[in-house]
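First up is the structure itself, then whatever we jot down about it.
The numbers here are math on the coordinates, done by the rules we state, and not lab data. Just so you know, these numbers come straight off a predicted model, no measurement behind them. Counting neighbours? That spans all protein chains shown, and the Cβs are built from the backbone with ideal geometry, glycine included.
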Amino acid sequence: MWRKAPTVADVHASWRSERIVTIQAKPLEPERFIPYGTVGQVLRPSGTRVEAAWFGEQGGHGRPLNLAYAGKAETPAPLRIGYLERHRLSAQLFVPVDLSRFLVVVCPSLVNGEPDLSRLAAFVARSQQAVCYGKGVWHAPMHLLDRPGSYMAARNCHSMRDDLELFELPEALEVAVPCDEP
C-alpha cells in the first residue's frame with residue numbers, strides 16, 4: 001500500500017508480510033548504477049584532491065547541505081527489507097568513514113511515482129565506495145555488512161516532511177548477499 005509520508009515507525013508497525021521475494025546482490029560497479037545515481041571512490045590519504053559533482057543539478061541553488069554522521073550495527077542475516085524510501089527533492093550521498101561492505105537496494109519509479117518493483121536491484125558496495133542516490137530514486141535504508149561501522153550522509157537541505165516518502169513493500173524482500181571476497 002502506498003501512502004504519502006508515513007513515518008518509519010508507521011511502516012514498521014504495519015509491516016506483517018508472510019510472503020518473501022528474494023533478489024541477489026551484485027558487486028557495485030559505477031556503470032551498473034548509472035540509472036540510480038553515482039558511485040565514487042573514497043580516497044585514502046595520498047595528498048590527491050578530486051572534485052566531483054555528486055549532487056548534479058538539484059535546482060534551488062544556494063540551498064545548504066544537511067550533513068549527518070551515523071554509526072550503525074551490522075545487519076544480521078537473513079537480510080529482509082520491509083519498505084523503501086525516496087527523497088523527491090534532493091539527492092542523498094553516503095560516504096563510508098569506518099565500515100566494511102554495505103548494501104545498496106534501489107529501483108526506479110513508475111509513471112505514477114510508486115517504485116517499479118519489477119526493476120529492483122541490489123548491490124554490495126565496498127568500504128572505499130561512496131554512493132549518491134539521484135533525486136527521487138527509491139532505495140532501502142542503509143544496511144551494513146560484516147561488522148558495525150560509521151558513515152557520513154549528506155543531502156540538499158529540505159525538510160524531511162516535504163522530502164521523505166516511504167513505500168511499504170507488499171512482500172518481504174530478502175536480499176542474498178555473497179560472502180566477502182578476500
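Tell me which residues come under 5 Å, amide H to amide H, from K26 once H is placed; ignore anything under 5 positions away on its chain.
Residues meeting the criterion, in which the H sits 1.01 Å from N, are A122, F123, V124.
Out of residues 5 or more away from K135 or on other chains, whose amide H comes under 5 Å of its own, with H placed 1.01 Å from N in the peptide plane?
For K135, whose amide H was placed from the backbone, the distant partners under 5 Å are A91.
Enumerate the calculated ³J(HN,Hα) couplings along region 73-79 in order (Karplus 6.51 cos²θ - 1.76 cosθ + 1.60, θ = phi - 60°), each rounded to whole Hz, writing x wherever the residue is Gly or Pro.
Along region 73-79, the couplings run 6, 5, 7, x, 8, x, 7 Hz.
By how many nm would the segment from L117 to K72 grow when fully extended, if each residue of separation counts as 0.36 nm and the alpha-carbon distance is taken off?
Numbers: separation 45, 0.36 × 45 = 16.20 nm, distance 2.66 nm.
Stretched out fully, the L117 to K72 stretch lengthens by 13.5 nm.
Using the basic label-point model (7 angstrom from Cα toward the beta carbon), what is the R147 to R88 distance in nanometres?
With each label point 7 Å from Cα toward Cβ, the separation is 4.1 nm.
Collect residues whose amide H, placed 1.01 Å from N in the peptide plane, falls under 5 Å from the amide H of H143; neighbours closer than 5 in sequence don't count.
The list, which skips near neighbours in sequence, is L103.
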